Amino acid sequence: MDINHLKSFVAVAYHCNLTQAAERLFLSQPAVSAQIKAIETYLGTPLFNRTSNGMSLTRAGEIFLPEAESLLQHKHRLDNFAKTLAEHYTQDAQIGLIHPISGKRVSKLTRLLNDSAPDIQLHIQYGMSGEILERILSKQLHGGFFLGPVNTRSVRSIFLENIQYSLICPSSEAENIKSNLPKNLEHYIWIEMSGVSASNKHLQQFWRVNRLSPKRQIICDYPQTIIDLVGDGIGVAMVPSHKAQDAANTGKPITVIEEFRQSLPLNFIYLDEYEHDPALSLIKRSIEEVWELQKQAS
């Protein structure tokens, strides 16, 4: 049994599917299957129940999983320690950001990270929540921000705040829309983000709750452009409230429909395997300070 066997076991345990685990590990399905069989042979007991719907852990697999996770955490710590022995070692910190986070928070977090570790090489990647989660699972990021609940077994989360969302429309259409809510909203183009964004899933739920079936949608993955399109009379959209307010304050011809304010939980997420990673620990401490989480707890 070697470390690759453990990685395959944990990946299959998380995904409950050989194909998905193989894709995550960049291996072929037969290779992952062979590694699972090898570790089961070594332990002398089946670790998975194999069915037409996928794979689920046996009792032995449930008991073995925390030990395998612990060994992978230790391997990760050892790898990081080995890197520090290099003569010209530079610590990397890779963070995934999403657009709903205010620019002031981003600046404060960046300044704090630079002041806490002047030699750190900071990498900031923007994306949508689904993209950030995928990059974390593929170990491209130490951690990142995510809107909505997180239900992935290998991922830990820290709740930060609730992000408020507002429904906005062109000011010229506000009176007509408000005359018959929510029904009149069906007659407008909805400008929305693509399916990998948490706000898209939230919007789909909003439509179901209000029994809306919009006839046309425009997909746009840049929040400021969405607000600009609404201001130009193209359609309606659900956007972060602080961005809507900023746009209104600068004279953008948009109106907030107050009846439909919503909120989504903002979390910072990271792989369980990275729990003791020095860069992640620094990022988490900085995030706690920026969001004043310790004050909230006390």
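The values are calculated or read from the model by the stated rules, or taken from the named source; none is laboratory data. Small disclaimer: the values here were computed from a predicted structure and weren't measured. When we count neighbours, we look across all protein chains shown, and the Cβ atoms used for this are built from the backbone with ideal geometry, even at glycine. Protein only, heavy atoms only, side chains kept; ligands, DNA and RNA dropped before computing areas. Shrake-Rupley method; radii C 1.70, N 1.55, O 1.52, S 1.80 Å.
Could you pull out which residues in the range 210-241 have an amide N less than 14 Å from a spot 7 Å beyond the Cα of K183, following the Cα-Cβ vector? 211-213, by backbone N distance to the label point. Altogether, the Stokes-Einstein calculation at 20 °C and 1.002 mPa s, with the Kirkwood radius of the range 188-256 over Cα pairs as Rh, returns a diffusion coefficient of 173 µm²/s. When Rg and the Kirkwood Rh are both derived from Cα coordinates, the Rg/Rh ratio for the range 1-141 amounts to 1.07.
Provide the net charge surrounding L43, with neighbours chosen by a C-beta distance below 13 Å and charges set as Lys +1, Arg +1, Asp -1, Glu -1. My count for the surroundings of L43 gives 0.
Accessible area per residue for the chain in Å², computed with a 1.4 Å probe and the full protein assembly in place, what is it? Working shown, then result.
On the way: 15410 Å² over 298 residues.
Value for the chain: 52 Å² per residue.
So if R0 is 51 Å, what FRET efficiency would D246 and T41 give, r being the distance between their Cβ atoms, rounded to the nearest 0.05? Mind showing how you got there, number by number?
Numbers: r = 61 Å, r/R0 = 1.19.
The value I calculate is 0.25.
If the chain linking E62 and T110 were pulled fully straight, counting 0.36 nm for each residue of separation and taking away their Cα-Cα distance, it would gain 13.3 nm. Here the 3J(HN,Hα) profile of the range 54-68, calculated from phi with Karplus coefficients 6.51, -1.76 and 1.60 at θ = phi - 60°, is x, 10, 10, 5, 6, 4, 5, x, 4, 6, 6, 4, x, 5, 5 Hz, Gly and Pro shown as x.
Largest first, the three principal axis extents of the alpha carbons in the range 91-228 are 58, 33, 23 Å in whole numbers. Accessible area of H242 (1.4 Å probe, protein heavy atoms only, ligands and nucleic acids ignored): about 60 Å².
Hey, any idea what % of the chain's accessible area is carbon plus sulfur with a 1.4 Å probe? Display every interim value, and only then the final one.
Details: 7570 of 15410 Å².
Summing carbon and sulfur atoms, their accessible area is 49 percent of the total for the chain.
Look at the alpha carbon pairs under 8 Å that are at least 6 residues apart: their mean separation over the length of the range 13-160 gives a relative contact order of 20 percent.
Computed over the alpha carbons of the chain, Rg followed by Dmax gives 23.0, 72 Å. Evaluated at q = 0.19, 0.22 Å⁻¹, the base-10 log of the normalised Debye intensity for the range 3-85, with identical point scatterers placed on the Cα atoms, takes the values -0.80, -1.02. For I163, the residues whose amide H sits under 5 Å from its own are L264, L266, ignoring neighbours fewer than 5 places away on the same chain, with H placed 1.01 Å from N.
When Rg and Dmax are taken over the Cα atoms of the range 221-298, they come to 18.0, 50 Å.
Over 28 Å between Cα atoms, which of K7/K108; K83/K139; K37/K75; K178/K243; K104/K178; K37/K83 qualify?
Numbers: K7/K108 36 Å; K83/K139 17 Å; K37/K75 22 Å; K178/K243 22 Å; K104/K178 33 Å; K37/K83 33 Å.
Pairs exceeding the cut-off: K7/K108; K104/K178; K37/K83.
Placing pseudo-labels 7 Å out from each Cα toward the beta carbon at F159 and E175 gives an inter-label distance of 4.3 nm. When the surface is traced with a 1.4 Å probe over the full set of protein chains, K83 keeps roughly 120 Å² accessible.
Per residue, how big is the convex hull of the range 147-244 when only Cα atoms are used? Give it in Å³. Let's see the in-between values first.
On the way: hull volume 10.8 nm³, N = 98.
Per residue, the Cα convex hull of the range 147-244 comes to 110 Å³.
Across the range 263-272, computed HN-Hα scalar couplings (Karplus, 6.51 cos²θ - 1.76 cosθ + 1.60, θ = phi - 60°) run 9, 10, x, 9, 10, 9, 10, 7, 5, 4 Hz from first to last residue, x flagging Gly and Pro.
Computed from Cα positions, the angle between helix 103-116 and the longest principal axis of the chain comes to roughly 30 degrees.
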